[in-house]
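Asker: Please read through the structure below; I'll follow up with questions.
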Amino acid sequence: MELKQAEAQIEAILFTMGEAVELSRLAQAIDHDEETTKKIIHNMMDKYADESRGIQIIELDGAYQMCTKASMYDTIIKITRIPKKHVLTDVLLETLSIIAYKQPITKLQIETIRGVKSDHAINKLIEYNLICEVGRLDAPGKPILFGTTEEFLRTFGLNSLDNLPAVNPEKLEDFKLQAEEEAEQITLDI
Amino acid sequence: MELKQAEAQIEAILFTMGEAVELSRLAQAIDHDEETTKKIIHNMMDKYADESRGIQIIELDGAYQMCTKASMYDTIIKITRIPKKHVLTDVLLETLSIIAYKQPITKLQIETIRGVKSDHAINKLIEYNLICEVGRLDAPGKPILFGTTEEFLRTFGLNSLDNLPAVNPEKLEDFKLQAEEEAEQITLDI
Amino acid sequence: MSIPVKLEAFEGPLDLLLHLIDKNKINIYDIPIVEITEQYLDYISQMENKNLEIMSEFLVMAATLINIKSRMLLPVQEKTEEEQTDPRQELVERLLEYKMFKYVSEILKEKQEDAARYLFKQPTIPKEIANYKEEIDPSEIIGDITLQKLHEIYRSIMKRQNDKIDPIRSKFGKIEREDINLTEVFAKIQEYGIKHKVFYFRNLLENQSSKMEIIVTFLGILELIRLGRMKIEQEKMFDDIKITYLASDIIQIEEAGF
């Protein structure tokens, strides 16, 4: 009974620590002498050898560490390469449109426009390689300025940076006015 | 034989990844359909329940994550310092419970229930990754809707939102009566 | 009750009210409104916090309490059963709902303490695999979102932004009283409606419409809908409101009973 308890404790410790833990520290934590602790660990090692287990305990110079079995390597490679589903949510789209048209822009400026903290959206857009840091604002705290990436241009079929409406603020104004006029005309035509 | 292999693979994956892994990704990695994979995981969960095990698999909204058993906590803190989680003040907890039970919900709706401005609390909860934007309400001004995150489930030990403690009106009645009786007794005791 | 109180200790007016109810050990369904109102006012008169925003929230509740109090003091007229609702009813419901969430947050607090005993592990992906970076294809993520769509989204966000700013006040830096002629606006909407039949809410507004103009125009539209003289649609998120004018004549504001 007590043995089972000690095994559970060792398993939990090695799992949490991730790194190699010296025998002496393990023994202290589970309130047994080193010799007994060593025996318990070696007994556990035998159990982990079972083919239904994917992890093992290895000994490293008087310390013990939990790690995956070598035979699991291919499986681990596989899982890390299974792409996660990426979705451009409304939140992301909204943030992206603000950055696209207002770049270069700081996080605070984005948040002022949206009215809510936007760290998550910004991080996701960076991960998706749609936006990136383009510099720092010359203001207290030197906040990061964000802009869109080349990938962004390519994806939207814009050939060069010159085609990006937001690069030149005046151009953006023109573009916006134009678009508004167009929109107005469309409505009037109805 | 093949089942044992699948169990080992799942164990290795969950150990390596550390974070919650969606059922669909696990199934793909071990080359089984989702239903079978789920069965295998639940079978493993039973095995982990043995008292010689210090770790367990928990379910979080259709994803699985490996963690230590709660009973191991005291042993682990003997050997390592555990990073402090964010302390949730009563205000944050109050706001979070409203969001958890009423999601998706707008800031204005939260403020109506609480009777006070709640920008600060909402932004803190976003920062702690306990809530996130889930869309916009189709109403004038398109206000942002908030909901809880996977981190919320983990922080409160819930498998899914369906596991939120039930608070039916009758229970509330009981609670109120109880509280009243207690208050009465306290006064009598003095 | 001469002990000075810090109102920040109460998380808003509902919290203070619940405190008073608990302290007086009274039935939440039968609040002695006169007493509670007095105690409540007592508390806020001692308010140390001069923060206007916090103060105003407490004052709103004070006004509500006084309103309920005065309604309860008025002689009860003979009414049909349906009309005989307790003036306290709405407040009681709000208090109960708030109390329930306070109760729930206590349960969650316990759950959090329990769950804090589960310990997790940092990912330990082998270096050679960790270096592998998943290829993210932005075009796949973007899917069928066009630059046009992105532009629309941006414009709608900016519209919302502009709506929040009162253009007159923000431009001149001083407050100017503006007179919106209700009759004129009402007539203008109808004239525009007869001329265009189908149009958008924004068409009705000048480039720099003030908040008041927008509100009055919107109220005018609501009134005309009520009278069955127009109908409105909004197809999807961020869309402008589409108005279809149904009548062919103009009615005066007096006739409309606006």
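Asker: Among the residues of the stretch B:80-98, how many are of a type outside the set (D, E, K, R), in a helix (DSSP H, G or I) and crowded, with 19+ Cβ neighbours inside 10 Å? Before the answer, list the steps.
Answerer: Narrowing the stretch B:80-98 to residues of a type outside the set (D, E, K, R): B:80, B:82-83, B:86-89, B:91-93, B:95-98.
Within this subset, residues satisfying the condition of being in a helix (DSSP H, G or I) are B:91-93, B:95-98.
Adding the requirement that they be crowded, with 19+ Cβ neighbours inside 10 Å leaves B:92-93, B:95-98.
Of the residues in that region, 6 qualify.
Asker: Restricted to the stretch A:41-71, and to residues that are in contact (Cβ under 8 Å) with a residue 40 or more places away in the chain and hydrophobic (A, V, I, L, M, F, W, C), which residue is farthest from A:Lys4 (Cα to Cα)?
Answerer: A:Leu60
Asker: Considering B:Tyr64, B:Tyr101, B:Tyr73, which residue is assigned to a helix (DSSP H, G or I), aromatic (Phe, Trp, Tyr) and closer than 30 Å to A:Gln9 by Cβ? Break it down stepwise before answering.
Answerer: Values: B:Tyr64 fails: assigned to a helix (DSSP H, G or I); B:Tyr101 fails: closer than 30 Å to A:Gln9 by Cβ.
Criteria check complete, one pass: B:Tyr73.
Asker: Collect the residues in the stretch A:121-133 that are in a loop (DSSP other than H, G, I, E, B) and not hydrophobic (A, V, I, L, M, F, W, C), keeping them in residue-number order.
Answerer: Within the stretch A:121-133, the subset in a loop (DSSP other than H, G, I, E, B) is A:128-130.
If the condition is that a residue be in a loop (DSSP other than H, G, I, E, B) and not hydrophobic (A, V, I, L, M, F, W, C), then A:Tyr128, A:Asn129 are the ones that fit.
Asker: Can I ask one more? Would you tally the residues in the stretch A:82-103 being within 20 Å of the chain's Cα centre (by Cα), more than 7 Å from every other protein chain (Cβ to nearest Cβ) and not hydrophobic (A, V, I, L, M, F, W, C)?
Answerer: So the answer is 4.
Asker: In the stretch A:25-43, what residues are surrounded by 16 or more Cβ atoms within 10 Å (Cβ to Cβ) and within 11 Å of chain B (Cβ to nearest Cβ)? If you could, list the steps in order and put the result at the bottom.
Answerer: Our first condition is that a residue be surrounded by 16 or more Cβ atoms within 10 Å (Cβ to Cβ); within the stretch A:25-43, this holds for A:25-27, A:29-30, A:32, A:37-38, A:40-41.
Scanning the stretch A:25-43 gives A:Arg25, A:Leu26, A:Ala27, A:Ala29, A:Ile30, A:Ile40.
Asker: Within the stretch B:76-98, which residues are touching a helix residue (DSSP H, G or I) at 6+ places or on another chain (Cβ under 8 Å) and either acidic (Asp, Glu) or more than 28 Å from A:Gln9 (Cβ to Cβ) (or both)? Write out each step before concluding.
Answerer: Taking the stretch B:76-98 as the starting set, the residues that turn out to be touching a helix residue (DSSP H, G or I) at 6+ places or on another chain (Cβ under 8 Å) are B:76, B:78-80, B:82, B:85, B:88, B:90-98.
B:Leu88, B:Asp90, B:Val91, B:Leu92, B:Leu93, B:Glu94, B:Thr95, B:Leu96, B:Ser97, B:Ile98, listed by residue number.
Asker: Another question, if that's okay. Limited to the stretch B:79-110, what total is found for residues that are without any contact (Cβ under 8 Å) to a residue 24 or more places away in the chain and touching an Asp or Glu at 6+ places or on another chain (Cβ under 6 Å)?
Answerer: 0
Asker: Filter the stretch B:121-138 down to the residues that are without any contact (Cβ under 8 Å) to a residue 12 or more places away in the chain and surrounded by fewer than 16 Cβ atoms within 10 Å (Cβ to Cβ), then identify the one that is nearest to B:Ser160 (Cα to Cα).
Answerer: For the stretch B:121-138, the residue satisfying everything is B:Glu127.
Asker: Do we find a residue being under 25 Å from A:Glu19 (Cβ atoms), free of Cβ contacts under 8 Å to residues at least 60 places away in the same chain and surrounded by fewer than 20 Cβ atoms within 10 Å (Cβ to Cβ) anywhere in the stretch B:8-24?
Answerer: Within the stretch B:8-24, the first condition is being under 25 Å from A:Glu19 (Cβ atoms), and the residues that meet it are B:8-21.
Those left that are additionally free of Cβ contacts under 8 Å to residues at least 60 places away in the same chain: B:8-19, B:21.
After this cut, where a residue has to be surrounded by fewer than 20 Cβ atoms within 10 Å (Cβ to Cβ) as well, the list is B:18-19.
Yes: one or more hits.
Asker: Same structure, new question: Counting only residues that are more than 10 Å from chain C (Cβ to nearest Cβ), out of contact with any helix residue (DSSP H, G or I) (no Cβ under 8 Å at 6 or more places or on another chain) and either part of a loop (DSSP other than H, G, I, E, B) or modelled with pLDDT under 90 (or both), how many does the stretch B:140-161 have?
Answerer: Number of matching residues: 1.
Asker: Within the stretch C:92-106, restricting attention to residues that are in contact with a Phe, Trp or Tyr (Cβ under 8 Å, 6 or more places away or on another chain) and not hydroxyl-bearing (Ser, Thr, Tyr), which residue is farthest from the other protein chains (Cβ to nearest Cβ)? Walk me through it before giving the result.
Answerer: Our first condition is that a residue be in contact with a Phe, Trp or Tyr (Cβ under 8 Å, 6 or more places away or on another chain); within the stretch C:92-106, this holds for C:92, C:101, C:103-104.
Those left that are additionally not hydroxyl-bearing (Ser, Thr, Tyr): C:92, C:101, C:104.
On the way: C:Val92: 12, C:Phe101: 5, C:Val104: 4 Å.
Residue satisfying both the conditions and the ranking: C:Val92.
Asker: Condition test on B:Lys69, is it within 11 Å of chain A (Cβ to nearest Cβ), buried (at least 17 other Cβ atoms within 10 Å of the Cβ) and farther than 30 Å from C:Phe10 by Cα?
Answerer: Values: within 11 Å of chain A (Cβ to nearest Cβ): yes; buried (at least 17 other Cβ atoms within 10 Å of the Cβ): yes; farther than 30 Å from C:Phe10 by Cα: yes.
Against the criterion (within 11 Å of chain A (Cβ to nearest Cβ), buried (at least 17 other Cβ atoms within 10 Å of the Cβ) and farther than 30 Å from C:Phe10 by Cα), B:Lys69 qualifies.
Asker: Quick check, is B:Tyr64 hydroxyl-bearing (Ser, Thr, Tyr), at the interface with another protein chain (Cβ under 7 Å from one of its Cβ atoms), under 21 Å from the mean Cα position of the chain (by Cα) and buried (at least 16 other Cβ atoms within 10 Å of the Cβ)?
Answerer: Spelling it out, it is not the case that B:Tyr64 is hydroxyl-bearing (Ser, Thr, Tyr), at the interface with another protein chain (Cβ under 7 Å from one of its Cβ atoms), under 21 Å from the mean Cα position of the chain (by Cα) and buried (at least 16 other Cβ atoms within 10 Å of the Cβ).
Asker: Within the stretch B:104-120, how many residues are within 12 Å of chain C (Cβ to nearest Cβ) and either in a strand (DSSP E or B) or buried (at least 17 other Cβ atoms within 10 Å of the Cβ) (or both)? Step through it out loud before you land on a result.
Answerer: Here is the first cut: in the stretch B:104-120, the ones within 12 Å of chain C (Cβ to nearest Cβ) are B:105, B:109-120.
With the extra rule that they be either in a strand (DSSP E or B) or buried (at least 17 other Cβ atoms within 10 Å of the Cβ) (or both), the set shrinks to B:105, B:109-111, B:113-116, B:118.
Looking only at that region, the number is 9.
The values are calculated or read from the model by the stated rules, or taken from the named source; none is laboratory data. This is a predicted model, so every value here is computed, not measured. Please note: Cβ atoms are built from the backbone with ideal geometry, for glycine as well, and neighbour counts cover all protein chains shown.
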